[in-house]
Structures are given as C-alpha cells and as structure tokens.
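The values are calculated or read from the model by the stated rules, or taken from the named source; none is laboratory data. Predicted, not measured: the structure shown is a model, and the values here were computed from it. Please note: Cβ atoms are built from the backbone with ideal geometry, for glycine as well, and neighbour counts cover all protein chains shown.
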Amino acid sequence: MQNTTSIKKRIPAFCIAGTHSGCGKTTVSLGIMAALVRRGYRVQPYKVGPDFIDPGHHRRVTGVHAHNLDSWMLERTVNTELFYRYLHDTDAAVVEGVMGLFDGFSGKGDSGSTALMAKWLNLPVVLVIDARSMARSAAALVMGFSRFDPELSISGVLFNRVGTKAHEGILSEAMEQFPEIAIYGFLPRERNLEIPSRHLGLVTDEEYTLDSDRISALARWIEENVRLDDLLASTGNMEAGPAQAGHSMPGDTRIAVAMDEAFCFYYQENLRLLRDAGAELVPFSPLRARTLPEDIKGLVLGGGYPELHCRQLSENRDLLSSIKDFGLAGRPIYAECGGFMYLMDAIAGLDGTKYPMVGIFPMRSSMEERFHALGYREVVVRKISPLGSPGTRIRGHEFHYSKIDRMTEEVEKIYSMQDRTRAMVHEEGYLFRNVLGSYIHLHWGSNPSVANHFVDYCRKHG
C-alpha cells in the first residue's frame, strides 16, 4: 500500500514577463488567472516590484491577496519564504513581472529585475511579446531573449495584440526555426479589456472594478487563444510544501487601518506582520466613517489617491477632528504618502484649490504635473518612534506627484534616508509627538522587528 504522506503535491507555477513595459503583461496575467479560476483552480498571485495597484486587480480576479516580491527591498530568503508561505493550499501560482524581463537597476546586471526573481524562485518564464507592427522580426526578438541569460528558463511565448490570422501565420512561420520555444498562443488586441491608467499607474481596483462580466471576458480571451493545457503541463513542477505555522492567537491590540478608494496602498506582508505581532486590525473608511473605531490603541494611514477625493475627505469634518484629537493626545499614528498628506493642514490640487485636512502636521502638499520623487529608499531611524529605536533600518519605495510647499520648523525629521545607490542622502520621516508621517512606502519585511515595535508602542501609548 502506498504511503500517501510521502506524496508531495506539485503545482503549475510560472512568471509572466514582458519584453518591455506596456506590452500587456498585466492584462495577460489577469486573463490567465481568470481562466484558471474558471477551471476551478485556486490561484495564488504575486507581483514583482513595489507596485500596489496590480496586486489589487489580482485579488479581484482570484479572490485572494497578492503578495509583492522585490529583490531590493527584501532579502532572497525573505522573498523565498514569502513565496512558499502561500502555496500549500493552492493549485497554481502566477507571478506577474515588472517592466521588461531583464530591466532592473542598471545595464550591467540583473539586480532588481524580473529575471533575477524568476531565478531565485526557480520559475519558468512565459514571455509576453507585443506583436503590433512586427512579423519575422518577432522571431529575432525571441531568439535574443531566450539566449540572453543561459541560467533563465523561458518556457514559451505569448504573442499579444496580433492583428489578423495572416499576421498570426507569419509569426508562426518565423518561429519554426526555434522549435525549442513553445508558442502558447496568439492574442488578438481587445481594447475593452485593457485597464485605464493615470498618474501613478493603472487605475486602482477600488475605482475600476473588474466585475464578473469583465473577468469572464478576460477568461474567454485566454481560453479561445491560448494553449493553456500545454502551458500548465510545461510549468507544473513546483512543489507546494506544508502549511506554515503563523500567529494563531487573537490580537489583543486594536489598531485602525484606513481602507477605501482614497487609502488602499498596503503591502500585505506588513499587515500580516502586524497581526502576528498581536494586532487586531480594524479597517475603516476616512471617506465615510464619522468617527474612529472604538477602543483602538493606534492608527495606520496608508497611501493611495487622497488627491482625487479631497472634497469628500475635507468635508468629513467630524472624522478629521477625531483623528487630530487622537494624535494630539499622544496616541500613535503611522502614515505613509497619501496618509501623510491627509495629516497635513491642507492638500492643494492641480487646479490650485486648497482643501483643509486633519492638521496635525503644520504643512501643505501640492500636486505637480510630473512625479516629484521616484525610487527605492532606505531609512535609518534616529530617534525612538512608532517604528523603532535609533538605528532601526528599513527599506521601501517612494513615488508621488505631490510636494511639501509649506512647512514650519516645529516638525522634527527623524529619518536619515538614502536612495538605492546611496548617492542621495536626505532627512525625512516627520515626527510630531507620537505621530510619524513620511512619503516612503516602507516594506516591513525588510525588518520584521518594526511590526513588533509598532504594536508594543501602541500598547504603551494608546
């Protein structure tokens, strides 16, 4: 009799990468996830890089949270642990890449690239190629990508935005000289399936809802044009290990977390670490709630798009007063980017209109036509604060179109901040009593002690 306890479950797991940004890899990724869910698969999605928006769409399609993988913010072992943590009860893992497959920090190496993450996780790559205005040249492109890094496994290609059957035929003929590279499909362009964009990237899931009709259309697009069975068969060798033990005790420290259309940028790993540290996370909407949740010991205000909801946020005066009183009483608040802007005196939109906000920080943010800051950041905390003791080091990412255009000396800066190259050194991290605000989206997986410190700080000061 066979010992079933020795049988190891193996599942399809692959990385969907693109030749360049804008080739359609997000739409293709969502379509493949939707097709797998329609087949009854439990799909675990991941996103390479610091992006918050794509994971929201992944969640909408699969019904489970997506997780960010990042080779600069997180160590290799942390990425590997995070990836495997969620495989045990899934039937497939789909990792959406970032930028072009080999694009990273420089032209000299693969640091920061989708290719490096695929190698770290031993994932085969499905390469999405934008075939518009290309014929035989597409084969040359495939040849270059497939041979550029011998350590990388490119399982096959998907030609996207294919014009006609004749165009498909030419692409197929051109690929005959590379029989070792599978062609998984030819996807016709479907403009109605593409997610609209704006200044920080794609429109968020909270505002552009992939409803059941759109998800069904994505699934049909894949099912009718992709050899999905072949793709799954060639990528189906990932071992899904046993469930990992986590924090099983109920949280004893209630911490409110802003979650709505205006505040929706959170790394899921940060929230998990807070729960494991003993937090009971209580979501609330700054757009709709009139008061803070009851009996909370701390408050987290994530990033998002407050600038698109200034009027509604500003008119919710009861909540603004409740948050201000909470902070001025010395109770812990941690705010990032959009949440930080919300705690200022006012936000000025692109049209110059100034909307009063919470007013804990005596400063104002103004929206710019172009991004004001973009890139990876490492901060070192220089003073005891909600996030840690002096010397605490945390990595993250900064991307915003607003700037501080009025500030007084009342607010202390407690971060020593550097960019990835360490060429830029600035002071950041604004502390007022026990309220800490910053433009940096920090990934607490880079230093898990931060979550424990924050929960303990809330217990002490909340």
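Overview of values
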{"item": "Hits in segment 321-336 - residues which are within 27 Å of HIS443 (Cα to Cα) and either among the acidic types (Asp, Glu) or over 24 Å from the mean Cα position of the chain (by Cα) (or both)", "result": "ILE323, LYS324, PHE326, GLY327, LEU328, GLY330, ARG331, PRO332, GLU336"}
{"item": "Qualifying positions in segment 72-92 - without any contact (Cβ under 8 Å) to a residue 60 or more places away in the chain and surrounded by 20 or more Cβ atoms within 10 Å (Cβ to Cβ)", "result": "ASN79, PHE83, TYR86"}
{"item": "Meets criteria (under 26 Å from ASP325 (Cβ atoms), of a type in the set (Gly, Ala, Ser), surrounded by 16 or more Cβ atoms within 10 Å (Cβ to Cβ) and touching a Ser or Thr at 6+ places or on another chain (Cβ under 6 Å)) for SER385", "result": "no"}
{"item": "Residue that is farthest from ALA92 (Cα to Cα) [pool: residues in segment 4-48 that are charged (D, E, K, R) and over 17 Å from the mean Cα position of the chain (by Cα)]", "result": "LYS8"}
{"item": "Test result for VAL379, in a loop (DSSP other than H, G, I, E, B), of a type in the set (A, V, I, L, M, F, W, C) and in contact (Cβ under 8 Å) with a residue 24 or more places away in the chain", "result": "no"}
{"item": "Number of positions in segment 327-342 that are surrounded by 24 or more Cβ atoms within 10 Å (Cβ to Cβ) and without any contact (Cβ under 8 Å) to a residue 40 or more places away in the chain", "result": "0"}
{"item": "Pairs with Cβ under 8 Å, 6+ apart, first in segment 285-299 and within 13 Å of ASP325 (Cα to Cα) and free of Cβ contacts under 8 Å to residues at least 60 places away in the same chain, second among the polar types (S, T, N, Q) and not in a loop (DSSP other than H, G, I, E, B)", "result": "THR291/SER322; LEU292/SER322"}
{"item": "Any strands (runs of 3 or more DSSP E) falling wholly within segment 1-71 and containing at least 1 residues that are touching a helix residue (DSSP H, G or I) at 6+ places or on another chain (Cβ under 6 Å), among the basic types (Lys, Arg) and surrounded by 21 or more Cβ atoms within 10 Å (Cβ to Cβ)", "result": "43-48"}
{"item": "LEU442 being at negative phi and either in the same structural domain as GLY49 (by TED's automatic domain parsing) or more than 21 Å from the chain's Cα centre (by Cα) (or both)", "result": "no"}
{"item": "Strands (runs of 3 or more DSSP E) enclosed by segment 272-355 - at least 3 residues per element that are assigned by TED's automatic domain parsing to the domain that holds ASN452, among the hydrophobic types (A, V, I, L, M, F, W, C) and within 23 Å of TYR401 (Cα to Cα)", "result": "344-348"}
{"item": "Selected residue [out of contact with any strand residue (DSSP E or B) (no Cβ under 9 Å at 6 or more places or on another chain), in the same structural domain as LEU313 (by TED's automatic domain parsing) and not aliphatic (A, V, I, L, M)] from GLU378, GLU409", "result": "GLU409"}
{"item": "Selection count where residues are surrounded by 20 or more Cβ atoms within 10 Å (Cβ to Cβ) and over 22 Å from the mean Cα position of the chain (by Cα), scope segment 299-315", "result": "2"}
{"item": "Which listed residue is in the same structural domain as LYS383 (by TED's automatic domain parsing), modelled with pLDDT under 95 and aromatic (Phe, Trp, Tyr), from TYR430, TYR457, TYR401, TYR415", "result": "TYR401"}
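Residue-wise test of (1) basic (Lys, Arg); (2) in a strand (DSSP E or B); (3) crowded, with 16+ Cβ neighbours inside 10 Å.
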| position | (1), (2), (3) |
| --- | --- |
| TYR415 | no, yes, yes |
| THR421 | no, no, no |
| GLY429 | no, yes, yes |
| GLY437 | no, yes, yes |
| GLY445 | no, no, yes |
| VAL450 | no, no, yes |
| HIS453 | no, no, yes |
| ASP456 | no, no, no |
| LYS460 | yes, no, no |
